[in-house]
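To start, the structure itself, in structure tokens.
Please treat every number below as a calculation from the coordinates, not as lab data. None of these values were measured; they are calculated from a predicted model. Backbone-built Cβ (ideal geometry, glycine too); neighbour counts: all protein chains shown.
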Amino acid sequence: MNRKGVDVLVGLFVLLGFAALVFLALRAGNMSSSLGLGETYQVVAKFDNIGGLKPRAAVRSAGVVVGRVVSVSLDDQTFQAVVRLELDTRYKFPKDTSAKILTAGLLGEQYIGLEPGGDSALLAPGGTLTLTQSAVVLENIIGQFLYKSAAEGDKK
Amino acid sequence: MNSAGTVSRALSWLGDRMAATGRATRFFLRLSYLSVESLRRPRLIIDQIHFIGNYSLSIILVSGLLIGFVLGLQGYYTLRRYGSEEALGLLVTLSLVRELGPVVTALLFAGRAGTSLTAEVGLMKAGEQIDAMEMMAVDPVARVLAPRYLAAVICMPLLAALFSALGVLGGYLVGVVMIGVDAGAFWSQMQGGVDWLRDVGNGVAKSVVFGFTVAFVALHVGYQAEATPEGVSRATTTTVVVASLAILALDFILTALMFS
């Protein structure tokens, strides 16, 4: 093989290797947003407690994935968690849709479940979901259970 | 008299081992020094990268993809029991980047490139080419061995990265495309759990160490080989055995150091 052919092949090999390194380092970064969903619109939901909800978690309605969590932040006026959701434009929801934070399986990943209401007006892009239900925090439930059983023990 | 003979034989055996270790260390230092020198002749190194790296590409890429398939399937079957199939991406990527990528690549590399290096150097010796070079006042270690050494050390991390990347792709194909794990959770759990410095960086560091190991073992064994057909064949076998064991032993030590 001639000189240039070897150089080109070696260059290709080195480039491929570095491309693989970059892919691993960025952890295939925005691959899912470019492959997963088409056109989207954003809405905001405010929760008292989001538990372990993370950006990029799924948003489901009736079990079907209809969008993703874009970002999670804290509103320092109301001390509520502000969750930005991005929903597929194919799906429209009524204005009084409620959002719940649910868990897949007992210890699985947390996601947002949307339950459509009966309003005829639709949720506009940039709108806010006002009816929300916080994540279930296991420690709180155990705490309540212990408190309750201790109270019952005192009565006896 | 008899026991004294046993003791003196044991001592001389120990002495031989020591001398062999000393020779190997001297050879390692000389090779490392001369491989830096050989940067002045980049042509030789590029030819060797072509021979060692490009020709190993097919076996590395195909094995990476297949290992990714298997990890995807096995991981899914186990994770399904705990209802956490979404963690599949994390499982596949962490196992590949931390362990399987560097180790399996190094084992394949020892089999694919290490043996050919040993056989090449051993046959050059058997064909008296090495002696001829010495007669012409050309240092065979600098001219023949050093470029091969450097090329192998450069190729190894790149091949390991390609192996891991293809493995992640294989896990994605089986997990998401074939079985139907949610693509967003697959990537987001992966991105949430894999640290680029701690996991990917340490994996690369491992593969660099393995590159040095394979290249050194292959060239040392080839250069010390008996200059006969049997000697070369024995040397080739020795390369695979010694390099593989060294890789696995080093991997244990490196893992204990890096991820404790």
Listed highest first by mean packing, meaning other Cβ atoms within 10 Å per residue, what order do B:138-146, B:77-85 come in?
B:138-146, B:77-85
Inter-part distance where the range B:129-147 and the range B:197-254 are each reduced to a Cα centre, Å
22 Å
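Once Rh is set to the Kirkwood radius over Cα pairs, what Stokes-Einstein translational diffusion coefficient, in µm²/s, holds for chain B at a temperature of 37 °C and a viscosity of 0.692 mPa s?
Value of D from the Cα-based Kirkwood radius: 163 µm²/s.
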If you fit an axis through the alpha-carbon atoms of helix A:138-155 and take the longest principal axis of the Cα set of chain A, what angle between them do you get, 0 to 90°, nearest 10?
20 degrees
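Taking 8 Å as the Cα distance limit and 6 or more residues as the minimum spacing, I'd like the relative contact order of chain A as a percentage.
After rounding, I find 23 percent.
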Which one of B:Thr115, B:Ala256, A:Ala135 has its Cα pushed farthest toward the positive end of the charge dipole of the protein assembly as shown, where Lys and Arg give +1 and Asp and Glu give -1 at the Cβ?
B:Thr115
For the protein assembly as shown, give the magnitude of the charge dipole about the Cα centre (Cβ charges: +1 Lys/Arg, -1 Asp/Glu; no others), in debye to the nearest 20.
440 debye
Relative to the longest principal Cα axis of chain B, at what angle does helix B:202-224 sit, 0 to 90 degrees, rounded to 10?
30 degrees
Net dipole in debye of chain B [+1 Lys, Arg Cβ; -1 Asp, Glu Cβ; about Cα centre; nearest 20]
340 debye
Projecting the Cα atoms of B:Tyr172, A:Ala124, B:Gly184 onto the charge dipole of the protein assembly as shown, where Lys and Arg contribute +1 and Asp and Glu -1 at Cβ, the residue farthest towards the positive end is B:Tyr172
When we measure straight from the Cα of A:Lys95, which aspartates and glutamates land under 14 angstrom away, once same-chain ones fewer than 8 places off are left out?
A:Glu115, A:Asp119
If each DSSP helix of 4+ residues adds -39,500 (n - 2.57) and the sum is divided by the residues in the protein assembly as shown, what number results at 222 nm, nearest 500 deg cm²/dmol?
-20000 deg cm²/dmol
The pairs in A:Lys46/A:Lys92; A:Lys4/B:Lys206; A:Lys54/A:Lys92; A:Lys100/A:Lys148 lying past 29 Å Cα-Cα in this model are A:Lys4/B:Lys206
